[in-house]
Each structure stands twice: as C-alpha cells, then as structure tokens.
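Colleague: Encoded as structure tokens, here's the structure I'll be asking about.
Bear in mind that the values in this text are calculations on the coordinates, not laboratory data. Everything quoted here is computed from the prediction, not taken from an experiment. A quick note on method: Cβ atoms are made from the backbone with ideal geometry, for glycine too, and the neighbour counts reach across all protein chains shown.
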C-alpha cells in the first residue's frame, strides 16, 4: 500500500510539472500570437496630410467627401459631415476673398 502511495505521489508530481510546463508554453504562444494586435491597438495613429496640388476634392450624390489622388486615381471616402465642413470652409474662404478684394 505504501509503495502504491509513493508511485501515485511521483506520478502526480510529474503530471503537475508537465502541466505547468504546458500551460507556460501555451501562454507564451498565445501572447506571441496576439502581441502585434495588442501593440497596434494602443498605438496612436499619426494624421496623414496631403497637398492640395496632389489631390482632387469631390462630393458624391450622398454628400460624402472624396479625396482623389491625381497620380494613381485612388480615392478615400469620408462621411458626409466632413464633406459639409470642408465645403463650408471653402465657401467662407471664397466669399471672404470676394467681399474683401486685395488692393
């Protein structure tokens, strides 16, 4: 009976050791797998700026703002509220230039 208890203790110790090793390896693999996703979620994106001479601005039928690249024709679509804001800025700028001509 005592011999059986000793064998069970040794087996339980080895099973526990292998369990700790497997859990550690699994944790390491999962951290490595998700590391780039976690790292990029905390990254602050830098704003992209473009020169007015490099792009064309357009508004589609749903009032979405389109910024079209003159070099390759690729475009980015923005919400209609951004289109309204940009349009109002341009309209105020043009109206201000017309109302106060430079002498």
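Colleague: Kirkwood Rh, segment 41-90, all Cα pairs: how many Å?
Modeller: Here the Kirkwood hydrodynamic radius works out to 12.0 Å.
Colleague: Tell me, Kirkwood radius of the chain from alpha-carbon pair distances, in Å?
Modeller: 20.4 Å
Colleague: So what is the orientation-averaged projected area of segment 1-45, using the convex hull of its C-alpha atoms, in nm²?
Modeller: 3.4 nm²
Colleague: Let me ask something else about it. For a quick protection proxy, order the peptides 10-22, 55-67 by their average other-Cβ count within 10 Å, most packed first.
Modeller: The densest-packed peptide leads the list: 55-67, 10-22.
Colleague: Compute the long axis of helix 2-41 from its Cα atoms, compare it with the longest principal axis of the Cα atoms of the chain, and write down the angle in degrees, 0 to 90, nearest 10.
Modeller: Roughly 10 degrees, rounded to the nearest 10.
Colleague: Here's a follow-up. With n ≥ 4 as the cut-off for DSSP H runs, can you work out [θ] at 222 nm for the chain, using -39500 (n - 2.57) per run divided by the number of residues, rounded to the nearest 500?
Modeller: For the chain, the value works out to -21000 deg cm²/dmol.
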